[in-house]
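J.: Below you'll find the structure I mean.
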Amino acid sequence: MDKLAIIGGRPLFGEIAISGAKNSALKVMAASLLTDETLTIFNVPRLADVDMLLKLLAQHGVDVTFEGPTLTLQARTIASTEAPYDLVRKMRATFNVLGPLLAREGKAKVSLPGGCAIGARPVDLHLKALAAMGAKIDLDEGYVVAAAPQGLSGARIDFPIVSVGATEHAILAAVLAKGETVISNAAREPEIVDLANCLMAMGARIEGAGTSTIAVSGVPRLHGAHHTVLPDRIETGAYAMAAGVAGGELYLRHARLDLLGAAVGVLEEAGLKLTADPTGVRVRRTLDRCRAVNLVTQPFPGFPTDLQAQFMALMTTADGTSVIKETIFENRFMHAPELGRMGANISVDGQTATVRGVRRLKGAPVMATDLRASMGLVLAGLGAEGQTLVNRVYHLDRGFERLEDKLVQCGALIERVRG
């Protein structure tokens, strides 16, 4: 199993190209099942999660061509409406083929999903949305069996809590439904806007993406299109915090501050200077040590849960005490004990972590528990004294494209150890 060996204490200088957003690309890829014409997607990151979904789409009958960052998909016919356990168990985003298959073919059998071990993330809201559109839903030995032989129908969907995945899934199903679907308490993340833009390029009729109420007027069919995936805001925030942890100055090409929401203000309060221009964002630390800042994770435009682990790493050596409250997922502080192995002073009480900044972390062997925690440990290693060995980097390969290459070209001492 591969590891990352990091020698910390070196400031970072240079340019990092921000890749396309994983969380957007995966849902746009699922949209290829909605048409028999070609969908060409630009700026697609080369990631383990992308490869996993491509395997699933191929078994559904999608022709796949992946050259550089350009992905071409065409589902002339649907060869299978079943998504087997072996292809769904490793990643939650694969579950989103259910809605498109149901909308196009009137039936689907999809295994319940897996993914990172960051707490229970049930799919009940996904299924309730599809049921509201007229689907008959059964659970059979770990599979969701859905049928809508007469097609889906527009409906009113009121989500009791904000759910990015359920909002995206409802949109993917509603674009071919008969009549209008109105989604209230919808998630507002930029990736939802990106998915809607792709679907509208394919001929869908969607209003309100990026707001809490989204209206989808179903159309009989969708056609092919070209779509460019937006830059990854989580990667942007992570590398911005790398400059905060290690010092130096980075230019994040393709980054967009408008995608970061409240994270911009939080990072500036912590002592980072973020300067945007038409092609990217320049970031540097303005203080000898960052300032401690309290934080509550919230749905967009609040501070994203996917940057919480990286922010905790930033706070481990900040001046003062930071209180971090996680409101999105339970069990998302599993990186705290690993940071503690490096000398961080962190106490966890339920969904709240108190981080008392220390002057310097010490390198140590640590274990990645999930995708975002992995990046938090890498950041900690960049600022630590001595060597940090990050185990289970397959988590990182799911969501950060060419991580070590990007950091090495900015002066980091980081190497992948094959094993």
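J.: Against the globular-protein guess of 2.2 N^0.38 Å, express the Cα radius of gyration of the chain as a ratio, rounded to two decimals.
T.: Scaled against compact globular proteins, the figure is 0.98.
J.: Amide H neighbours of Thr369 under 5 Å, at least 5 residues apart or on other chains, H built in the peptide plane: list them.
T.: For Thr369, whose amide H was placed from the backbone, the distant partners under 5 Å are Ser374.
J.: HN-Hα J couplings of segment 45-58 from phi, Karplus 6.51/-1.76/1.60, θ = phi - 60°, integer Hz, Gly and Pro as x?
T.: Per residue, the Karplus-derived 3J(HN,Hα) values read x, 8, 9, 4, 5, 5, 4, 5, 5, 4, 4, 5, 4, 4 Hz.
J.: Further question: Nearest 10 degrees, 0 to 90: what angle lies between the long axis of helix 233-246 and the longest principal axis of the chain (Cα atoms)?
T.: That helix lies at roughly 10 degrees to the long axis.
J.: Can you work out D for segment 1-99 in µm² s⁻¹ from Stokes-Einstein, where Rh is the Kirkwood radius over C-alpha pairs, the temperature is 20 °C and the viscosity is 1.002 mPa s?
T.: For these conditions, the coefficient is 143 µm²/s.
J.: Straight-line reach from Lys273: which aspartates and glutamates have a Cα under 20 Å away, not including same-chain ones fewer than 8 places off?
T.: Correct list for Lys273: Glu15, Asp232, Glu235, Glu249, Asp258, Asp288, Asp319.
J.: I've got another one for you. Provide the gained length on full extension for the span Glu268 to Arg76, in nm with one decimal, where the gain is 0.36 nm per separating residue minus the Cα-Cα distance.
T.: That works out to 64.2 nm of additional length.
J.: Could you list Thr40, Thr81 in order of exposure, starting from the residue whose Cβ has the fewest other Cβ atoms within 10 Å?
T.: So the residues, fewest neighbours to most, are Thr40, Thr81.
J.: Please list, ordered by chain and number, the residues whose modelled amide H lies under 5 Å from the amide H of Leu152; skip anything fewer than 5 residues away on the same chain.
T.: Placed amide hydrogens put Lys178 under 5 Å from Leu152.
J.: What are the residues whose amide H is under 5 Å from the amide H of Gly280, where those residues sit 5 or more places off or on another chain and H is modelled from the backbone?
T.: The answer is His254.
J.: Could I have the simple spin-label model distance between Arg359 and Thr279, label points 7 Å from Cα toward Cβ, reported in nm to one decimal?
T.: The modelled label-to-label distance comes out at 4.2 nm.
J.: Tell me, in nm to one decimal, what length is gained between Asp51 and Leu287 on full extension, where the rule is 0.36 nm per residue of separation less the Cα-Cα distance?
T.: 80.9 nm
J.: If you don't mind, another one. With the chain treated as a Gaussian network of Cα nodes joined by springs under 10 Å, which of Pro278, Pro100, Pro113 yields the largest mean-square fluctuation?
T.: Per the Cα network of the chain with a 10 Å cutoff, Pro278 tops the list.
J.: Across segment 393-398, in residue order, what do the Karplus-derived ³J(HN,Hα) couplings come to in whole Hz, using 6.51 cos²θ - 1.76 cosθ + 1.60 with θ = phi - 60° and x for Gly and Pro?
T.: Whole-Hz 3J(HN,Hα) from phi for segment 393-398: 6, 4, 4, 4, 5, 6.
J.: Under the rule that an exposed site lies in a DSSP loop and has at most 15 other Cβ atoms within 10 Å, name the longest stretch of the chain with no GluC sites (Glu not before Pro) of that kind, not counting the sites themselves.
T.: In short, 142-329.
J.: Using the count of nearby Cβ atoms within 10 Å as a rough guide to exposure, how do Arg372, Arg289 rank from fewest to most?
T.: In order of increasing Cβ crowding within 10 Å: Arg289, Arg372.
J.: Still on this structure, I have one more. Can you compute 3J(HN,Hα) from phi for each residue in segment 17-29, using the Karplus curve 6.51 cos²θ - 1.76 cosθ + 1.60 with θ = phi - 60°, rounded to whole Hz and x for Gly and Pro?
T.: Couplings: 7, 6, 7, x, 6, 4, 5, 8, 4, 4, 6, 5, 4 Hz.
All of the numbers you see were taken from the coordinates with simple rules; none came from a lab. Please read these numbers as outputs of a predicted model, since none were measured by experiment. Methodologically, a virtual Cβ is constructed for each residue, glycine included, from the backbone with ideal geometry; neighbour enumeration extends over all protein chains shown.
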